[in-house]
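Scroll down for the structure; my scribbles are underneath it.
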Amino acid sequence: MSLQGQKTRELYQRAYNVIPHGVNSNFRYWGTDDTLVIKKGKGTYIWDMDDKRYIDYRLAFGPIILGHAHPVVNARVKEAVDQGTLFAWTTPLEISVAERISRLTGVDKVRLTNTGTEATFHALRIARSYTNREKFIKFEGHYHGQIDYFMYSTASSNAKMMGSPRAPIAAPNTSGIPKGIADYVISLPFNDPEMLERTVKARWGEIAAIIFEPIMGNAAGILPDPEMLPTIRRLCDEYGIVMIMDEVKTGFRIANGGAQEYFGVKADLVTYAKSLGNGYPIAAIAGKEDVMMTVNPGGMAHGGTYSGNVAGAAAADATLELLETTPVIETINKRGKALMEGLDEILTEQDIPHVVTGVPSMFSLLLGSDDKPRTFRDYLNSDMDLYEEIGMELAYRGVLPDSDGREPWFLCEALSEADVDETLNIFNDSVKAVKK
Ligand code: PMP
């Protein structure tokens, strides 16, 4: 079986001839028979080149919070770009977006950029400049983008992890990173506040930042234990470390004010991207006044030709306005809750040990055990093969979460009750097909 119909296959072959593996990001590669070429998207659906419709739960890995091709967002972008796209001067749209971000999340200051990677990279530079320290703590399974510093310990299998769970070693996710970079990375398991405290007490003088995903958005949506985020906050306060909450996935998705609002914990720096622009390239580094003001034309650099570009800023302006004035996240949460409960029921009926993880707007399923997962290695010990098998059966039938269980199911406002019902019916069929 292949996901590709005739036209999709032909176009994929053309892509394969000129683009390495036919994709512009490795995460999109599902093998030569199952990588799709997409014709269009509307609302919660996408269509491939053979006009096969999918209910889309990848949503471009999270950005599409309202729905594909949202008319209000697209109208604002079209109106704006007709007046020009890039000036290397400040525009009213950038001001409006920064004000909206500040209003929704409570941050003092905002700098716009284009991708999550650029946001986390600059946040780390700010933290280093602010503290005059060079190392940082990150957690296993937390993904912060493609720069060398962060590409550690988010592997797809246990075999690629290094060190024991009690004494982890930062394991590079890719070749091509200079060996010396690992010296700056202190890699710890998430949800182990004692190990974190021990590490900080022993090494605080060299630690600029603790960077983390508040919900493990790149490890099946594993939630923080109740004491985890408050412990990070307390240790950062006590030892002068910059707390960087990477909200690239949770921002403008799990609550209007993101994880800071959801968990009631304020970070020093926060990074946003994805849902901020409903699919347009826009991201932000934001945070407290004194830390953000480290950025300085005569000192610490933050720059970028496309930072605050008109298309991205217009998209963010419209998206944030809709979040501020309509119950987008409430609607998503209602559908997500029904979906989580339905999937849970089906897996229970089918006698498959499982745990539903995450929150309604981004959740996942861990298969093979009923024990609540707390760390990335718990995820790696789950039945990832079974998850992928079910994922492929879903895809054949037109329901499209990512087949890699690290990637949560994402929901958008356009998902209807009928879509949830259709998804549950197809999930039931898919699980039965796999059990056969
Ligand atoms: N941080 C997190 C938490 C992410 O999930 C991602 C992307 N999946 C990034 C950073 C990097 O964002 P981008 O792909 O836009 O560079």
Scope the stretch 111-128; condition within 13 Å of the ligand (Cβ to nearest atom) and either free of Cβ contacts under 8 Å to residues at least 40 places away in the same chain or not in a helix (DSSP H, G or I) (or both); matching residues: T113, N114, T115, T117, F121
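Give the stretch 388-401 a look and list any residue that's touching a residue at least 40 places away in the same chain (Cβ under 8 Å) and open to solvent by less than 10 Å² (accessible area, probe 1.4 Å), or say none. Reasoning before the result, please.
Kept after step one, since they are touching a residue at least 40 places away in the same chain (Cβ under 8 Å), are these residues of the stretch 388-401: 389-390, 392-393, 395-396, 398-401.
Once the filter is applied, which keeps residues that are touching a residue at least 40 places away in the same chain (Cβ under 8 Å) and open to solvent by less than 10 Å² (accessible area, probe 1.4 Å), the stretch 388-401 yields I390, A395, G398, V399, L400, P401.
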Qualifying position, being more than 30 Å from L322 (Cβ to Cβ), without any contact (Cβ under 8 Å) to a residue 40 or more places away in the chain and either surrounded by fewer than 14 Cβ atoms within 10 Å (Cβ to Cβ) or out of contact with any Asp or Glu (no Cβ under 9 Å at 6 or more places or on another chain) (or both), among A15, A69: A15
Mind checking which residues of the stretch 241-267 are open to solvent by 10 Å² or more (accessible area, probe 1.4 Å), in contact (Cβ under 8 Å) with a residue 60 or more places away in the chain and more than 27 Å from A414 (Cβ to Cβ)? K266
Only one of L229, L223 is at pLDDT 95 or above, closer than 26 Å to M340 by Cα, within 19 Å of the chain's Cα centre (by Cα) and open to solvent by 10 Å² or more (accessible area, probe 1.4 Å), namely L223
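Looking for whichever is in the same structural domain as I244 (by TED's automatic domain parsing), open to solvent by 30 Å² or more (accessible area, probe 1.4 Å) and more than 14 Å from the ligand (Cβ to nearest atom) here; the options are S187, S164. Which one fits? Spell out how you get there, then give the answer.
Numbers: S187 fails: open to solvent by 30 Å² or more (accessible area, probe 1.4 Å).
Result of the check over S187, S164: S164.
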Flag for A284 being touching a helix residue (DSSP H, G or I) at 6+ places or on another chain (Cβ under 9 Å) and open to solvent by less than 10 Å² (accessible area, probe 1.4 Å): yes
For the stretch 205-227, how many residues meet the condition of being farther than 25 Å from S102 by Cβ and away from the ligand (no atom under 16 Å from the Cβ)? 6
Within the stretch 123-143, is there a residue that is open to solvent by 10 Å² or more (accessible area, probe 1.4 Å), within 15 Å of F376 (Cβ to Cβ) and at pLDDT 95 or above? yes
With the first residue restricted to the stretch 138-152 and required to be under 12 Å from I186 (Cβ atoms), and the second required to be within 11 Å of the ligand (Cβ to nearest atom), Cβ contacts under 6 Å at 6 or more apart or on different chains are K138/I211; F139/F212
Does any residue in the stretch 153-168 that is without any contact (Cβ under 8 Å) to a residue 60 or more places away in the chain come within less than 9 Å, Cβ to Cβ, of a residue that is open to solvent by 60 Å² or more (accessible area, probe 1.4 Å) six or more places away or on a different chain, and which pairs are these? M162/I169; M162/P172; G163/I169; P168/M162
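From the list V248, V265, V270, exactly one residue is in a strand (DSSP E or B) and in the same structural domain as G217 (by TED's automatic domain parsing). Which is it? Step through it out loud before you land on a result.
Values: V248 fails: in a strand (DSSP E or B); V265 fails: in a strand (DSSP E or B).
V270 is the lone residue from the list that is in a strand (DSSP E or B) and in the same structural domain as G217 (by TED's automatic domain parsing).
The values are calculated or read from the model by the stated rules, or taken from the named source; none is laboratory data. This structure is a prediction, so every number in the text was calculated from the model and none was measured. Here the Cβ is made from the backbone with ideal geometry for all residues, glycine too, and neighbour counts use every protein chain on show. We work out accessible area using only protein heavy atoms, side chains counted, and drop any ligands, DNA or RNA first. Shrake-Rupley method; radii C 1.70, N 1.55, O 1.52, S 1.80 Å.
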